[in-house]
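> Pasting a structure here, questions to come.
The values are calculated or read from the model by the stated rules, or taken from the named source; none is laboratory data. Keep in mind that this is a model prediction, so the values were computed, not measured. With ideal geometry, Cβ positions are generated from the backbone for all residues, glycine too; neighbour counts draw on all protein chains shown.
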Amino acid sequence: MANPLPVVAQEDLESFTLTRTGSGFALKAFHISWNTPISVKLLTSQDTTDREWKLLLQDIASVRHYESEHLLPFLGVYQYHGLVGIVTEWMNNGSLQSLIHEHQLYPELPFPLLIRILSDVAEGLHHLHSLEPALCHCSLKPSNVLLDVQYRAKISDYGLTSWRKQQLMSDLQNCHQRNCQDLVYLPPETLEGGLPSQEGDIYSFGILCWESLSRRRPFEGQTTLLDVLRGICSSLRPSLSEKFIPSNLPERNTLLNLIALCWHQEPDYRPHTAECVDLLNGVLTSINKEVISAAIYNLRDAKERALNACKGSETYTLQRHNAEIICPQKDNRLISKKIPLVVPSLSTVLLDSSANTAGRDNIEMGVSNATPQNATATKDHPGSESRKSSSFCTTPLSGSTAGKESSQRNSPALALKHRPQQMHLGQAVTDPCFKGNCCQILSCQRQTILKCMTEGRLNHILDVLRSQQTLSRMDYETITSYPTVTGRARALLDTCLCLGERAAQAVVTVLSVNKCSPLGQVIHCPDCPKVNRLML
């Protein structure tokens, strides 16, 4: 008898968020006791009976013990107020669907990496078909192929036999009324009412390979879905012409022959999974591993640059008197009320000591930390590699300084009270007056830290963060997956800025231990006068 799956309750989770994916939306949460981010796929239907729910849970429990590096394991079942969902590990790089179709994030899809992904999928499918009894996936498509931090592929949503049958019947009966585009991945014999089979999975794999190589959706631009489904049953297939599959694609003929065999109209002519694995591994072995590593690095770099370009230089206009409300002054003459807000997601990183600085200092520090009411702060997982927290140095606000100068002349005691005190660099992370400043130090001194980071310092910081249980295993794997020290350091800074002040404080503490640390130059930072005052 299969072991029951752990039941994940609502109180076990925190940071429950709805995240957009290439195929729709996914529920992401952080499991407190497991100390890892998880994904929850809700399985709800108004027509589902108690018996069908029981069969579904039995299916999930029966495949829980299946182990393969190319299969995404089920971790548990989520239950809350009548909702039931499948709990799996959160995969940092999303799905193959996102990789194929998000052209702005991935302008180019490296061929070596793509072949490795297809090989991983074939390996996972071969594992399912080699079980006793054999297990058919019945819904193989790019959105059910997920990618880890190294862009290794894992097949998800396997083993849901009872649920698949119910959903397929519902989709076939209502395909003319709602969006059921996933039906194009099903073989003609299944569309005509046949039972799921291994040959049907091979057909789906052929469509998946074509979509990956062409970066087009199957039968895109056709009149109606119903016409497409009728065409599939009459041997209609996506085009293999150079318009869709480039003529300069390496191993083009070999791969097109494989695709044509996989989606053959007659199931008996389709290859077995072992043949698919052998062919793809043969192509893969001709590619140097260093080429694949370079392809992954270039893909990440292109994604990071695309995300940074999408952020742009947004300018938020404050309403009249907003700055005065933030920092009340006797002389409220301000020339400009336009403030560049570089990183809205870090608006929570405020300087608690800003109240201890007078005149223009107050205006600079207060306004630079201001966030419009309509700007919401979001905390994305760093495996998404969004780099939302790359830099947010203070931008001085232009305006009259006469108020500051006159107020300090009239109130010498006040000026003395607010004069920055000399302080050793190491005190910046221990003195209560500097609580909340470490995130800003990491942001303003980002380039200095990256330039001076060494392998030893980086490993020391990671050890400290792990010992403090500040850094999760997933975050650690994301950071260490980069091939260069600079890449790992960049990922470390981005992750710590997302995690908040405690993580940033640990980094600053390690880097300011000795005089030769990267932060030793912070006192002479010409672009960050506010941080200079903090570190003096």
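> For the range 471-498, how many residues are among the hydroxyl-bearing types (Ser, Thr, Tyr), closer than 21 Å to CYS439 by Cβ and surrounded by 18 or more Cβ atoms within 10 Å (Cβ to Cβ)?
Let us first name the residues in the range 471-498 that are among the hydroxyl-bearing types (Ser, Thr, Tyr), namely 472, 476, 478, 480-482, 484, 486, 495.
After this cut, where a residue has to be closer than 21 Å to CYS439 by Cβ as well, the list is 472, 476, 478, 486, 495.
Checking which are surrounded by 18 or more Cβ atoms within 10 Å (Cβ to Cβ) leaves us with 472, 478, 495.
Count: 3.
> Could you tell me which numbered condition ILE86 fails, if it satisfies all but one of (1) in the same structural domain as THR285 (by TED's automatic domain parsing); (2) touching a helix residue (DSSP H, G or I) at 6+ places or on another chain (Cβ under 7 Å)?
Checking ILE86 against (1) in the same structural domain as THR285 (by TED's automatic domain parsing); (2) touching a helix residue (DSSP H, G or I) at 6+ places or on another chain (Cβ under 7 Å), the one that fails is (1).
> Here is a further query. Among the residues of the range 53-83, write down those that are farther than 29 Å from ARG300 by Cα and in contact with a helix residue (DSSP H, G or I) (Cβ under 6 Å, 6 or more places away or on another chain).
LEU55, LEU56, ASP59, TYR80
> Filtering the range 140-149 down to residues that are modelled with pLDDT of 90 or more and assigned to a loop (DSSP other than H, G, I, E, B), which residue is nearest to LEU55 (Cα to Cα)?
Among those that are modelled with pLDDT of 90 or more and assigned to a loop (DSSP other than H, G, I, E, B), it is LEU140.
> Taking into account only those residues within the range 19-57 that are closer than 26 Å to ARG216 by Cα and in contact with a His (Cβ under 9 Å, 6 or more places away or on another chain), which is modelled with the lowest pLDDT?
So the residue we want is GLY22.
> Note down all Cβ pairs under 7 Å where the first residue falls in the range 123-137 and is in a loop (DSSP other than H, G, I, E, B), the second is surrounded by 12 or more Cβ atoms within 10 Å (Cβ to Cβ) and small (Gly, Ala, Ser), and they're at least six residues apart or on different chains.
Hits for this filter: LEU135/GLY159; CYS136/SER197; CYS136/GLY200.
> Here is a list: ALA504, ALA491. Which entry is at pLDDT 75 or above and out of contact with any Pro (no Cβ under 8 Å at 6 or more places or on another chain)?
ALA504
> Given the criteria touching a strand residue (DSSP E or B) at 6+ places or on another chain (Cβ under 9 Å), surrounded by fewer than 22 Cβ atoms within 10 Å (Cβ to Cβ) and among the basic types (Lys, Arg), does LYS165 qualify? If you could, list the steps in order and put the result at the bottom.
Numbers: touching a strand residue (DSSP E or B) at 6+ places or on another chain (Cβ under 9 Å): no; surrounded by fewer than 22 Cβ atoms within 10 Å (Cβ to Cβ): yes; among the basic types (Lys, Arg): yes.
No.
> Separate question: Among the candidates LEU249, LEU261, LEU208, LEU226, which residue alone is in contact (Cβ under 8 Å) with a residue 12 or more places away in the chain and assigned to a loop (DSSP other than H, G, I, E, B)?
After applying the criteria, what remains is LEU249.
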